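Computed from the coordinates by the stated procedures, all read-outs in this text should not be read as laboratory data. What you are looking at is a predicted structure, and each value in this text was computed from that prediction instead of being measured. We place every Cβ from the backbone using ideal geometry, glycine too, and count neighbours over all the protein chains shown.
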Amino acid sequence: MAKRLFVSVDLDGLEDAVASVQARFDGISGLRLTDSGQAHVTLKFLGDTDSDRIDDVVAALETAVEDSGVDPFEAEFGGLGVFPSLSYISVVWIGVHDGQGDAELTALHEAIEDRTVAMGFDPEDHRFTPHATIARMDHAGGKETVQHVVENDDPAVGRLRVAEIRLKESELGPDGPTYRTVDSVSL
């Protein structure tokens with residue numbers, strides 16, 4: 001049986017700060033807020049993966065962490081951004097405010113990308129930008145309001161000690177996805 005998997009750094013302990021940033025967008029037409037308790041940086045989306053491959057994926061993640069040379073580090077989260085652009089918004093996100101956190105998350109992503117692509121997973125089709133999605137735009141009704149907030153606000157979310165990556169399962173439901181940790185790998 002296949003599971004919908006991804007690799008993440010979870011924003012544990014920053015849920016209230018994420019929710020307070022999301023409050024800036026509350027009630028905007030066309031914008032759907034994500035669950036602040038599930039906020040995370042996706043390092044790699046693996047997609048539907050046979051359950052019997054999970055042990056091999058975890059082994060690849062352990063090797064990728066070694067390859068990356070990344071030890072536990074602090075990352076400062078904050079600021080706002082959108083994908084793909086301000087003129088066409090599909091995702092609103094919180095970014096990483098410091099160079100070290102950005103560099104370490106990028107190094108982890110690149111090592112995980114190398115190992116998982118070698119296993120046959122699809123390569124990323126866009127440049128990696130460390131971020132945590134906080135909202136999705138379903139239609140452009142409130143686009144101008146979103147643009148204004150993103151262009152004029154620079155919220156601080158908080159510092160996070162990153163000491164592990166997690167292999168997560170995403171179960172899609174009527175109220176959005178629910179995430180469950182399948183395994184974790186220490187840095």
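Quick notes on this one:
- Residues with amide H under 5 Å from that of residue 187, placed H, sequence gap 5 or more: 164, 165
- Compactness of the chain, expressed as Rg and Dmax over alpha-carbon positions, Å: 16.5, 48
- Other-chain or far-sequence residues with amide H under 5 Å of residue 90's (modelled H): 83, 85
- Among 127-134, 101-108, 154-161, sorting by the average number of other beta carbon atoms lying within 10 angstrom of each residue, highest first, gives 101-108, 127-134, 154-161.
- Rounded to the nearest 500, the helix-only mean residue ellipticity at 222 nm of the chain stands at -9000 deg cm²/dmol, with each DSSP H run of n ≥ 4 adding -39,500 (n - 2.57).
- Percent of C-alpha pairs per 5 Å bin in region 11-55, short distances first: 5, 17, 20, 16, 14, 13, 8, 6, 2.
- Simple point charges give the picture: +1 on the Cβ of Lys and Arg, -1 on the Cβ of Asp and Glu, and for region 2-186 a dipole about the Cα centre of about 560 debye.
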